[in-house]
Amino acid sequence: MLILPATAVIREVGLRDGLQSIQTILTTAQKIEWLTKAYAAGQREIEVGSFVPPKLMPQLADTWDVLAFAKTLPGLLASVLVPNLKGAERALEGKADLMVLPLSASHAHSLANLRKRPDEVVQELARIRAARDASGQKTIIEGGVGTAFGCTLQGEVRPEEVLRLMQSLLDAGADRVSLADTVGYADPYSVSVLIEKALRIAGDKFCCGHFHDTRGLALANAYAALSLGVQRFDASLAGIGGCPHAPGASGNASTEDLAFMLEASGVKTSINIPQLLALRQQVANWLIGEQTHGTLWRAGLPKNFKPAA
């Protein structure tokens, strides 16, 4: 019999990965309301934005203000994405609890997305670690290895290269590392194989799986990782988000669908799913004209559903 972890954490990334991928720009007040209600529904890890130049990503221009509000919510781990040292300095100034530096294992995607080769991103993480240590803060540094299962620009991404870069991030000072299926190429078998190898390298410093539902396998891939003991997953409310280099793709794993799968499997998330579904409807109403995803909201919870004890 398969023994699954007793608990798991869903890190909400809709406010960053979701909003950066759509045209609609939510107001700061709407983002704060989203944060407040997600927190009330039991979510305790939320990625609130990204410190990138506003002219490049106007959807996230108010990350500073959203982060400041997030820091008022007791027990919330507020994370931000940082593309470079300058972004990391802003995150440290804003006292973010965690910052994620994305690294694309695909060299083609890395150049298109960050204008750096993967090993240059590793060097940037070393500079970020030095800045964090000099600041005296305890902000967690996460190295996120993207396009870990393949890439629409490059095609094959060799697992050996993914693992090499993961080890390089740890050697450069990352507190923890994660894997992302940025363009939705993963399947449960490839997830099992790669994550098993990643766990041998990183151990308890491997922290998170980030799966996109491009080909309808996000939940299956998350379950494959869960069965290996992974206990943290990124997901986006209403499944919004995606990658500009994966045209026609669905977005991220849907937070509400993932929470249901985990709880139905006996894995406690501490998320109130009815409250989350109500928030999903509200956010979807803000995003009229944008693509939303997921299925639980259509049918609702089964009558015999019982949350994990």
*Please work out the Cα center distance from the stretch 199-235 to the stretch 259-298, rounded to the nearest Å.*
19
*Could you sort 102-113, 292-303 so that the peptide with the highest average Cβ count within 10 Å comes first and the rest follow in order?*
102-113, 292-303
*asked:* In the chain, if the dipole is taken from +1 on Lys/Arg beta carbons and -1 on Asp/Glu beta carbons about the Cα centre, which of 191, 272, 224 is farthest to the positive end?
replied: 272
*asked:* Greater than 31 Å separation of Cα atoms is the criterion. Which listed pairs, 116/138; 86/197; 138/268, meet it?
replied: 86/197
*State the extension gain, in nm to one decimal, for the chain segment bounded by residue 130 and residue 89, taking 0.36 nm per residue of separation less the distance between their alpha-carbons.*
13.7 nm
_Note, ³J(HN,Hα) from phi for the stretch 229-241, Karplus 6.51, -1.76, 1.60, rounded to Hz, x at Gly and Pro_ = x, 5, 10, 9, 9, 7, 7, 10, 3, 6, x, 6, x
*Residues with amide H under 5 Å from that of residue 51, placed H, sequence gap 5 or more*: 81
_I need to check one value: relative contact order of the chain, counting alpha carbon pairs closer than 8 Å and at least 6 residues apart, in percent._
20
*Across the Cα atoms of the chain, what radius of gyration and what greatest pairwise Cα-Cα distance (Dmax) are found, in Å?*
17.9, 54
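Coordinate-derived values only; no laboratory data. Note that this is a predicted model, so its numbers are computed, not measured. Using ideal geometry, Cβ is built from the backbone for each residue, glycine included, and neighbour counts are taken over all protein chains shown.
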